[in-house]
Amino acid sequence: MEKLFERPIFFERNRVFRIYKGGLLFHDFFGDEAKDGNYPEEWVASSVRAMNLDSTNEKEGISKIKGTELYLDEALEKYPREILGDCPKWDVLVKLLDSGIRLPMQCHPDREFAKRYFHSEYGKAEMWIVVATRENAKLFLGFNKKMNQEEFTKLVERSLTEKECMTECVNEIPVKKGDAYLIPGRTIHAIGYGCLILEIQEPSDLSVCPEYWCGDRRSAPYEMYMDLEPEIALKCFDYTLYGDAPVNMARKLPRVKERTEHTLQEIIVNKEDTPFFAVNRVEVNGGTLSLTDSPAVYVITEGEGVLHMKDGYEKRISKGDYFLLPRCLEGLCGLEASKHLEAYVCMPPM
C-alpha cells in the first residue's frame with residue numbers, strides 16, 4: 001500500500017442522496033447528465049457517513065480511493081502518518097452541492113450543543129463558496145429582525161400551511177460566482193435556488209431543519225429535529241444574530257498570500273477566522289505552482305492543466321477534478337497551466 005502515497009490521491013465519484021432536488025449544474029462542472037434529481041451533492045474526500053433516514057449503507061457518503069477497495073476512513077485509520085503527518089485528525093468535510101430549490105431554513109449545532117444533545121465531538125460550522133449560479137440565485141443568512149424562540153416556534157407551525165412564511169424573517173442575499181460566507185454553528189441559514197456551492201465544514205451531518213416542507217416534499221420528524229424534542233431543537237438557533245450583523249460577519253473577502261508573475265495564492269479563511277478549517281484559492285496562469293499546503297483537498301473549479309511530480313509523474317486535470325495531497329507529498333507536486341487554472345485548497349485546522 002506504500003505506492004498509494006507516492007502520488008496524489010484521487011477518488012471515485014461520490015454523489016450522495018438528499019431529500020431535496022438539484023444537480024443540474026453538475027453537468028457543466030463534472031460533465032454529468034443535465035438534470036435535477038435526489039443526488040445533488042458530491043462529497044469530496046469524505047470520511048463522514050451521511051445521516052440519511054432509514055439508510056443501511058454504512059459507507060454512504062464516505063469516499064472510495066480510486067483504483068482500490070479502500071475507503072478514506074479506513075485509510076486514515078491504517079495510514080495516519082502518511083496522510084496526515086503531524087496533523088492530528090482529518091477534521092474537515094468538503095462537498096459540492098447544487099440546489100434546484102430553496103432548502104429549508106436550518107441551523108447546525110456548535111460544539112457545545114452537539115456534545116450535549118447529539119453526543120458528538122463536532123458541531124457543523126461551514127464555509128460556502130459560490131462556484132456557479134442559475135438565474136436569480138440567492139442565499140438566506142441570519143434573522144432580518146429581532147426574534148425569540150416563542151416567535152420562531154409560531155413561524156415553524158405556520159410553515160405547515162404557508163410554505164414560504166419563514167423567508168419573512170431571514171436576510172435574503174443575491175449571490176454571484178466567487179462569493180464566500182463563513183457560517184458559524186447556530187446561525188439560521190438556507191441555500192437558495194440555483195447555487196452550486198463548494199462547502200467546507202466540520203466533519204458531521206447534523207442539522208436542525210424545522211420547516212415542514214422541503215420543496216414539495218413533507219419532511220419527516222427526524223429530518224426536522226434529528227430525534228430531539230422540538231422545544232430542545234429550537235434552542236439550537238442563536239436568536240441574538242439578526243439584521244446586518246450576521247451577514248457582515250459571515251461575508252469573507254480573499255486576502256493575497258503570495259503573487260508571482262504566473263501564480264496567485266489567496267487566503268479565504270484561516271485560523272484567525274475560524275478554528276475549524278482553512279481554505280485558500282490559487283490561480284495558475286502560464287506557469288507552475290508548487291503545492292505546499294497539505295494535508296489538503298484541491299478542487300479544480302476553472303480551467304485545465306497538469307499535475308506533476310519531480311519523478312516524471314504527470315496527470316492532466318481540469319474543472320471538476322479533485323484530489324487529496326497527503327502530507328508525505330508536500331512540496332513534491334506542482335500544478336502547471338499554459339493558460340488559466342483555478343483551484344480551492346481545503347484543509348483541516350492547522
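Read-outs throughout are calculated quantities, based only on the coordinates presented, and are distinct from any laboratory measurement. Source: prediction; values computed, not measured. Cβ: placed from backbone, ideal geometry, glycine included. Neighbour counts: every protein chain shown.
Structure values in brief
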read-out	value
Sequence-separation-based contact order of the range 255-347, relative, with Cα cut under 8 Å and 6+ spacing, percent	35 percent
Cβ-placed point charges (K, R +1; D, E -1), dipole of the range 137-195 about Cα centre in debye, nearest 20	220 debye
Gained length - residue 6 relative to residue 119, 0.36 nm times residue gap less alpha-carbon distance	36.9 nm
Mean separation of Cα contacts under 8 Å, 6 or more apart, over the residue count of the chain: relative contact order %	19 percent
Note, ³J(HN,Hα) from phi for the range 124-136, Karplus 6.51, -1.76, 1.60, rounded to Hz, x at Gly and Pro	8, 5, 8, 10, 10, 10, 7, 9, 7, 9, 8, 5, 6
Stretch gain in nm, segment residue 77-residue 161, where the contour uses 0.36 nm per residue and the Cα spacing is subtracted	25.5 nm
Zone of residue 60's modelled label, taken as backbone nitrogen in the range 209-227 under 18 Å from a point 7 Å along Cα→Cβ	209, 214, 217-227
Options 185, 234, 144, ranked by Cα towards positive dipole end of the range 2-250, top entry (Cβ charges)	144
Burial order of peptide ranges 26-33, 186-193 (average beta-carbon count within 10 Å, highest first)	186-193, 26-33
Net dipole in debye of the chain [+1 Lys, Arg Cβ; -1 Asp, Glu Cβ; about Cα centre; nearest 20]	340 debye
Residues whose placed amide H lies under 5 Å from that of residue 61, excluding near-sequence neighbours	50
Amide H contacts of residue 123 (H built 1.01 Å from N, under 5 Å, at least 5 apart or other chain)	111
Estimated distance in nm for a label pair at residue 34 and residue 231, the labels positioned 7 Å out from Cα along Cα-to-Cβ	5.3 nm
Theoretical ellipticity at 222 nm over the chain - DSSP helices of four or more residues, -39500 (n - 2.57) apiece, nearest 500	-3000 deg cm²/dmol
For residue 179, residues with placed amide H under 5 Å, excluding near neighbours	130
Between the range 85-154 and the range 235-281, the Cα center-to-center distance that results, in Å	15 Å
Principal axis dimensions, largest first and in whole angstrom, of the range 82-194 by Cα	53, 38, 22
Space enclosed by the convex hull of the alpha-carbon atoms of the range 255-347, per residue, Å³	88 Å³
Total lysine pairs whose alpha carbons fall under 21 Å of each other in the range 218-350 (8 or more apart, or interchain)	4
Magnitude of the charge dipole, the range 255-347, Cβ model with Lys/Arg +1 and Asp/Glu -1, debye to 20	80 debye
Backbone HN-Hα couplings from phi across the range 47-52 [Karplus 6.51/-1.76/1.60, Hz, Gly and Pro as x]	10, 10, 7, 6, 9, 8
Selection from 103, 133, 72, by position along the positive dipole direction of the range 2-250 (Cβ)	133
Degrees separating the helix 149-158 axis from the principal Cα axis of the chain, which is the longest one	90 degrees
Förster radius 45 Å - calculated FRET efficiency between residue 330 and residue 216, Cβ distance, rounded to 0.05	0.40
Packing-based order for 40-49, 115-124, using average beta carbon neighbours within 10 Å, highest first	40-49, 115-124
Computed Kirkwood radius, in angstrom, where 1/r is averaged over Cα pairs of the chain	20.8 Å
Label-point separation, residue 309 to residue 258 (7 Å along Cα→Cβ), nm	2.1 nm
Rounded to whole Hz, the Karplus (6.51, -1.76, 1.60) HN-Hα couplings of the range 344-350, x for glycine and proline	9, 10, 10, 10, x, x, 10
